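> Just dropping this structure here.
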Amino acid sequence: MKATAFKRWAARVAQLSRQQREELLAILRPAVDQDRVCSVIDSARPAPERCLYCDAPGLRRHGRHRGLQRYRCRACGKTFTALSGTPLARLRHRAKWLDYLGKMLDSTSVRAAAGAVDVHRNTSFRWRHRFLHLSKHDRPHTLGGIAEADELFLLESQKGSRQLDRPARKRGGVASTRGITKEHDCVLVARDRDGRTFDFVPGRGAVTNAQLHEHLLPVLERDVLLVTDGHAAYRLFAGEAGITHEYVNLRQGERVRGAVHVQNVNGYHRRFRQWLSRFNGVASHYLLNYLGWRWALDGERIGSAECLLRAAIGAFNTKR
Ligand SMILES: [Zn+2]
């Protein structure tokens, strides 16, 4: 609409009845909410230089698609936006995303979040995991100085699965035998004294030397001091990898020996467990998503729905 025509149109708003104004607002509000979402997404991503599909250079701006800048490849003729190829590409009801992400910042349950933004609870569940899908990549590069590592065990869960690959547990969260077994998902957390934190799900049961090589080694700086409990796998790993290693002998009641302790990483475990308890058990399949979610909340790394939206399309390193 041209500026003069709009002015004339807007001047007539004064003539609307109270109910008509309410109706107009109900039309405008979702449109404004959707605009906000689109502007967060478009400004989080620099204009692409190459085609998403054929990798050819030479893109043209090609109007807008559902509020987002659209690009067209001169080579293959395909069009795409900043959302194409992301976990959010085909999600609907964009106008509700920021409200929904606000609920995620409050760690609201699937059902309560569904009610609050008025979507079906299956949609709520799908959104949660789409928004979290890339969160596992939002991590520091490495750990340095003194780095603590320790495992946390959660009873493996097939919550939500139609077919179990084992007999159902009679009474929910109780393992059939005592101690750590293949019924437990191992969560390995490593955290340095600057608070930089990594988490991994190496597998089920106790962590092994091979898993430490695979997950931990790539994120440790060469001159790090690794601190763990006395589990033999850590000693073997550190020896083979040539990493300086100290451990506390928890079995003999030793918790702290000067700077040698795993209390920072255990604090992280505690916060994670406490936070996780509100969800009444999470499926093992989604454990990495929950770790990513917790990681984003811990230390207030992510402070707003907009920031969480940027992280959901893989644009990290922005706090507000
Ligand atoms: Zn192309």
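The values are calculated or read from the model by the stated rules, or taken from the named source; none is laboratory data. A quick note: this is a predicted structure, and the numbers were derived from the prediction, not measured. Cβ: placed from backbone, ideal geometry, glycine included. Neighbour counts: every protein chain shown. Remember, those area values only see protein heavy atoms, side chains included, never the ligands or the DNA or RNA. Shrake-Rupley method; radii C 1.70, N 1.55, O 1.52, S 1.80 Å.
Here is a yes/no grid of residues against (1) in a loop (DSSP other than H, G, I, E, B); (2) touching a residue at least 12 places away in the same chain (Cβ under 8 Å); (3) within 16 Å of the ligand (Cβ to nearest atom):
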{"residue": "Met1", "(1), (2), (3)": "yes, no, no"}
{"residue": "Leu25", "(1), (2), (3)": "no, no, no"}
{"residue": "Ser84", "(1), (2), (3)": "yes, yes, yes"}
{"residue": "Trp97", "(1), (2), (3)": "no, yes, no"}
{"residue": "Tyr100", "(1), (2), (3)": "no, yes, no"}
{"residue": "Met104", "(1), (2), (3)": "no, yes, no"}
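> Just need a number here: residues in segment 30-71 that are more than 16 Å from the ligand (Cβ to nearest atom), under 18 Å from Ala315 (Cα atoms) and surrounded by 15 or more Cβ atoms within 10 Å (Cβ to Cβ).
So the count comes out to 10.
> Could you list, in sequence order, all residues of segment 250-275 that are touching a residue at least 40 places away in the same chain (Cβ under 8 Å) and within 24 Å of the chain's Cα centre (by Cα)?
Of everything in segment 250-275, those that are touching a residue at least 40 places away in the same chain (Cβ under 8 Å) and within 24 Å of the chain's Cα centre (by Cα) turn out to be Asn264, Val265, Asn266, Tyr268, His269, Phe272, Arg273, Trp275.
> Evaluate segment 154-171: report whether one residue or more is of a type in the set (A, V, I, L, M, F, W, C), more than 26 Å from Gly267 (Cα to Cα) and at pLDDT below 95.
Within segment 154-171, one or more residues are of a type in the set (A, V, I, L, M, F, W, C), more than 26 Å from Gly267 (Cα to Cα) and at pLDDT below 95.
> So in segment 248-272, with the set limited to residues that are open to solvent by 80 Å² or more (accessible area, probe 1.4 Å) and touching a strand residue (DSSP E or B) at 6+ places or on another chain (Cβ under 7 Å), which one is nearest to Ala312 (Cα to Cα)?
Checked segment 248-272; the qualifying residue nearest to Ala312 (Cα to Cα) is Arg255.
> Taking Arg8 as the residue in question, decide whether it is more than 16 Å from the ligand (Cβ to nearest atom), over 29 Å from Leu308 (Cα atoms) and open to solvent by 80 Å² or more (accessible area, probe 1.4 Å).
For Arg8, the condition - more than 16 Å from the ligand (Cβ to nearest atom), over 29 Å from Leu308 (Cα atoms) and open to solvent by 80 Å² or more (accessible area, probe 1.4 Å) - is met.
> Which of the residues that make up segment 56-97 are closer than 23 Å to His137 by Cα and not aliphatic (A, V, I, L, M)? Reasoning before the result, please.
Residues of segment 56-97 that are closer than 23 Å to His137 by Cα, as a first pass: 81-91, 97.
Selection gives Thr81, Ser84, Gly85, Thr86, Pro87, Arg90, Trp97.
> Looking at segment 117-134, I want the residues that are under 15 Å from Leu105 (Cβ atoms) and have a partner that is part of a helix (DSSP H, G or I) and polar (S, T, N, Q) with Cβ atoms under 7 Å, at least 6 apart or on another chain. Which pairs are those?
Between residues of segment 117-134 that are under 15 Å from Leu105 (Cβ atoms) and residues that are part of a helix (DSSP H, G or I) and polar (S, T, N, Q), the close pairs are Leu132/Asn289.
> Being modelled with pLDDT under 95 and either more than 22 Å from Gly303 (Cβ to Cβ) or among the hydroxyl-bearing types (Ser, Thr, Tyr) (or both) is the filter here; which residues of segment 96-107 pass it?
If the condition is that a residue be modelled with pLDDT under 95 and either more than 22 Å from Gly303 (Cβ to Cβ) or among the hydroxyl-bearing types (Ser, Thr, Tyr) (or both), then Ser107 is the only one that fits.
> Something else about it: Can you tell me which of (1) open to solvent by less than 20 Å² (accessible area, probe 1.4 Å); (2) over 28 Å from Leu155 (Cβ atoms); (3) within 14 Å of the chain's Cα centre (by Cα) is the one Arg310 doesn't meet?
Every listed condition holds for Arg310 apart from (1).
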